[in-house]
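Just so it is clear, none of the values below were taken in a lab; they were calculated from the coordinates. Note that the structure is a prediction, hence the values are computed from the model and not measured. FYI the Cβ positions are ideal-geometry reconstructions off the backbone, even for glycines, and counts take in every protein chain you see.
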Amino acid sequence: MYISREDLAAAVSRTELIQLSNDDGYGSEPDWAIVDRAIAYACELADGYLMGRYTLPLDPAPSLLRPICTDIARWWLHQRRVNAADFPKPLEAAHANAVKLLEQIRDGKIHLGVRVGDTAGPSGGAVEQAHGERGAYQVRANRRQDWSGY
């Protein structure tokens, strides 16, 4: 998971979180099961974009994913309640921007700076190797042939 309940609770007011998650009209606490579903949706969507480029799960999770997943989870909570015609424009724009960032990460335009694997370096200490970018085209050709005699 790239975000936690606390991350989502910090992004929205407590009242808003209660209104968006608690289906009981008189509830005074957020329904954490609904909040967890929103978080799972956001993180799984992010993984869907990242899986072609990075080995999952990302550990530790890059900090860039926190606001992206928060915006997606918040959008998911709102879409449970709000009619599409009345959807808040800033929230819709934040969701579209989050998806656009995930697409740019998937396409290699934005790199997360993820490092994997520990190997011993020349001084005997551990050296982290950068994760190879999957999905890039690699071309290989035979040795050049000398056709000058023909």
Exercise for the section: Using a Förster distance of 22 angstrom, determine the FRET efficiency expected from the C-beta separation of Lys100 and Ser4, and round it to 0.05. Expected result: 0.35
Handout entry: Calculated from backbone phi, Karplus (6.51, -1.76, 1.60) coupling profile of segment 43-52 in Hz, x at Gly/Pro
Key = 5, 5, 5, 4, 4, x, 7, 7, 5, x
Fill in the blank from the handout: Whole-Hz Karplus couplings 3J(HN,Hα) for segment 20-36, θ = phi - 60° and coefficients 6.51, -1.76, 1.60, Gly and Pro as x, run 7, 10, 8, 7, 7, x, 10, x, 10, 10, x, 7, 5, 5, 5, 4, 5
Completion exercise
Taking r as the C-beta separation of Thr55 and Tyr26 and R0 as 41 Å, the FRET efficiency to the nearest 0.05 is 0.30
Exercise for the section: Using R₀ = 41 Å, calculate the FRET efficiency as 1/(1 + (r/R₀)^6) where r is the Cβ-Cβ separation of Ala93 and Asp146; round to 0.05. Expected result: 0.10
Fill in the blank from the handout: Simple spin-label estimate for Val82/Ala33, 7 Å along Cα→Cβ, in nm, reads 2.6 nm
